[in-house]
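Single-structure report; data block below.
The values are calculated or read from the model by the stated rules, or taken from the named source; none is laboratory data. A quick note: this is a predicted structure, and the numbers were derived from the prediction, not measured. Cβ placement follows ideal geometry from the backbone for every residue including glycine, while neighbour counts extend to all protein chains displayed.
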Amino acid sequence: MDEQQAIQLLKDNDIGGLKFLVMRYQVKAVRTAYLITRDIGLAEDVVQDSFLQVYRSIKGFDAGRPFEPWFMRSVVNASVKVIQKSARQVQIGDEAEAENLFAELAQRVESVELQVESIEVQSQIWDALQKLSPRQRAVIVQCYFLEMSEKEMAVESGAAVGTIKWLLNAARERLRGLLERSEE
């Protein structure tokens with residue numbers, strides 16, 4: 001099944017098409033929502049609601065247009081709305097506290113252009129990560145996403161620290177090369 005077939009199934013009231021779209025876009029959507037909300041539970045809720053909204057409104061979707069930008073825009077908008085709604089519900093004590101809170105929220109909510117650019121960069125990074133070997137991808141994820149030290153990675157994998165350093169260096173070089181090529 002491909003994306004167009006999944007969309008057509010949904011338009012024909014067959015929920016089986018949604019399974020394909022969830023499997024294809026859930027991770028990216030949750031990551032995007034998390035980067036905006038900074039709350040994994042909230043990000044997962046936003047994405048779940050976005051997929052339900054897709055199911056409800058897919059008949060109005062122009063199948064001639066790409067699905068991913070349409071869907072990701074809805075995830076970004078829903079994430080921003082959730083943050084804005086939670087900001088309105090916060091009880092504010094004094095004016096200084098309010099200014100600090102609004103400054104923090106303003107930093108979280110990027111402009112739409114920056115959000116789209118961020119999504120594009122994330123997509124390039126994700127695509128490049130997929131081209132790394134599984135071991136290289138694992139050390140990159142452990143180092144940058146899980147923030148593990150080289151020693152922690154060595155203990156967890158049962159490898160020597162020197163091996164981890166070598167893998168990490170090779171993965172960085174390969175990733176750098178892949179990202180430079182994608183920019184061209």
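Residues checked against (1) of a type in the set (Val, Ile, Thr); (2) modelled with pLDDT of 90 or more; (3) surrounded by 14 or more Cβ atoms within 10 Å (Cβ to Cβ):
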| site | (1), (2), (3) |
| --- | --- |
| 21 | no, yes, yes |
| 28 | no, no, yes |
| 34 | no, no, yes |
| 65 | no, no, no |
| 82 | yes, no, yes |
| 89 | no, no, no |
Within segment 130-170, the count of residues that are assigned to a helix (DSSP H, G or I) and under 21 Å from residue 28 (Cβ atoms) comes to 11
Take the residues in segment 71-87 that are of a type in the set (A, V, I, L, M, F, W, C) and more than 24 Å from residue 2 (Cβ to Cβ), then tell me which one is nearest to the chain's Cα centre (by Cα).
-> 76
What pairs can you find where one residue is in segment 49-70 and under 17 Å from residue 5 (Cα atoms), the other is part of a helix (DSSP H, G or I) and hydroxyl-bearing (Ser, Thr, Tyr), and their Cβ atoms are less than 8 Å apart, with a gap of 6+ or different chains?
-> 54/74; 68/25
Meets criteria (more than 16 Å from residue 123 (Cβ to Cβ) and assigned to a loop (DSSP other than H, G, I, E, B)) for residue 65 = yes
Whichever residue in segment 1-10 is in contact (Cβ under 8 Å) with a residue 24 or more places away in the chain and under 14 Å from residue 51 (Cα atoms) and, among such residues, is surrounded by the most Cβ atoms within 10 Å (Cβ to Cβ) = 10
Quick one: residue 39 ticks every box in (1) crowded, with 19+ Cβ neighbours inside 10 Å; (2) under 20 Å from residue 141 (Cα atoms); (3) without any contact (Cβ under 8 Å) to a residue 24 or more places away in the chain except a single one, so which number is it?
-> (1)
